Amino acid sequence: MHGTVTANRAIQQCDLLIAVGMRFSDRVTGEVKGFAPSAKIIHIDIDKAEFNKCVQSNINLLGDAGHIITMIMTQVEYQPHNEWLEFLDQIKKGEQNNIDTSYMKNDTINGMASAVATAAKYAGKSRIIVTDVGQHQMFCARFSEFDSPRTFLTSGGLGTMGFGLPAAIGAKLGKPGSEVVLFCGDGGFQMSMQELGTIMSNNIDIKIVILNNSYLGMVRQWQELFFDDRYSFTKLDNPDFVKIAQAYGIQASRADTRKSLEKNLEKMFNSKGPYLLEVLVGQKENIFPMVPAGATLDKMITK
């Protein structure tokens, strides 16, 4: 639904799709009848109940993905696909140009994309990024630039707002030597912010970045795009998040410009113990590309 243009175009035009441990949910397939229309599908899964539940596969392989893929690799030979790779590379270049012009402009007001990318850069390479649920979740998936496995903790399509803070606590307790950075929206943070008490009581060293646009951003985006700007219960009157954190004995600050963001990020990552940074972002920024409900993957809205 919010995947890259390149990936969605690849799925729609490939002739073989190998699906490893995926459940073919509507967030992945869009309209099922138009999903990967030219492809034969090989589905690898450890749970046979997933086979042919949503999408009909040509071959179903039941078992541990690592074992099955290793067996497949011994039976196939490498074949070059230069034209295919060049085709995808051209799409990717066009997509990157759109990202540079749409999301990474040098505005005085923070955009979610640039805020996420900047925070991820300051956090370093060994960090674990945790997200709550909403627009910021999609921005984190797109702009955090992961280069190691098991460093992105998010609910995918299986979680609700409020997931992020307790998940970040669990990540830090599970990997105490890693920097854990939580990205939250202002709405989702308020679903479980009482867990600041857990952080205070146990001095759990996580860094919390609230991207505050004073809206339930993802719902507002749907209301804008598909319901003619009829906004219903998505505008938020928020408390002072900095004061709330400080009331729990947690260091906190606020960034309202691009310049102050970098200053506050440096301060946060040089601080010992938990820290909350509220970043004020544009109120009506949308996350693209987006596949509308009931549409196929090639019907993406790109801007």
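What follows is calculated from the coordinates using simple rules that are stated; it is not laboratory data. Owing to the predicted nature of the structure, the values given are computational and were not obtained by experimental measurement. Using ideal geometry, Cβ is built from the backbone for each residue, glycine included, and neighbour counts are taken over all protein chains shown.
Annotations for the structure displayed:
- Residue exposure sequence - 288, 233 - by fewest surrounding Cβ within 10 Å: 233, 288
- Of 53/284; 235/259; 93/235; 175/303; 267/303, pairs whose Cα-Cα distance is over 30 Å: 53/284; 93/235; 175/303; 267/303
- For the chain, share of DSSP beta bridges that run antiparallel, in % to the nearest 5: 5
- Extension reserve of the residue 267-residue 100 stretch, reckoned as 0.36 nm per residue once the Cα distance is removed: 57.4 nm
- Cα-projected label distance for residue 92 with residue 299, points at 7 Å along beta-carbon direction, nm: 2.9
- Fraction in percent of alpha-carbon pairs per bin - 10 Å, the range 106-280: 10, 41, 37, 10, 1
- R0 of 41 Å, Cβ-Cβ distance residue 226-residue 126: FRET efficiency to nearest 0.05: 0.55
- Loop-located trypsin sites (Lys or Arg not before Pro) in the range 128-220 (DSSP state not H, G, I, E or B) with no more than 15 neighbouring Cβ atoms inside 10 Å: 150.
- Overall form of the range 5-84 per C-alpha gyration tensor (a/c, 1.5; a/b vs b/c): oblate
- Dipole of the range 5-84 computed with +1 at Lys/Arg Cβ and -1 at Asp/Glu Cβ about the Cα centre; of 39, 14, 29, farthest Cα towards the positive end is 29.
- With at most 12 neighbouring Cβ atoms within 10 Å, loop GluC sites (Glu not before Pro) (DSSP) excluded, longest segment of the chain: 146-303
- Considering only 158, 182, 216, the mean-square fluctuation computed in a Gaussian network model of the chain, springs between alpha carbons under 10 angstrom, is largest for 158.
- The simple spin-label model puts a point 7 Å past each Cα toward its Cβ; for residue 64 and residue 85 those points are separated by 3.1 nm.
- Matching label, mean projected area of the Cα convex hull in nm² computed from the structure shown, candidates (i) 17.2; (ii) 20.3; (iii) 15.3: (i)
- Its DSSP H runs of at least 4 residues, each contributing -39,500 (n - 2.57), put the calculated 222 nm mean residue ellipticity of the chain at -11500 deg cm²/dmol, to the nearest 500.
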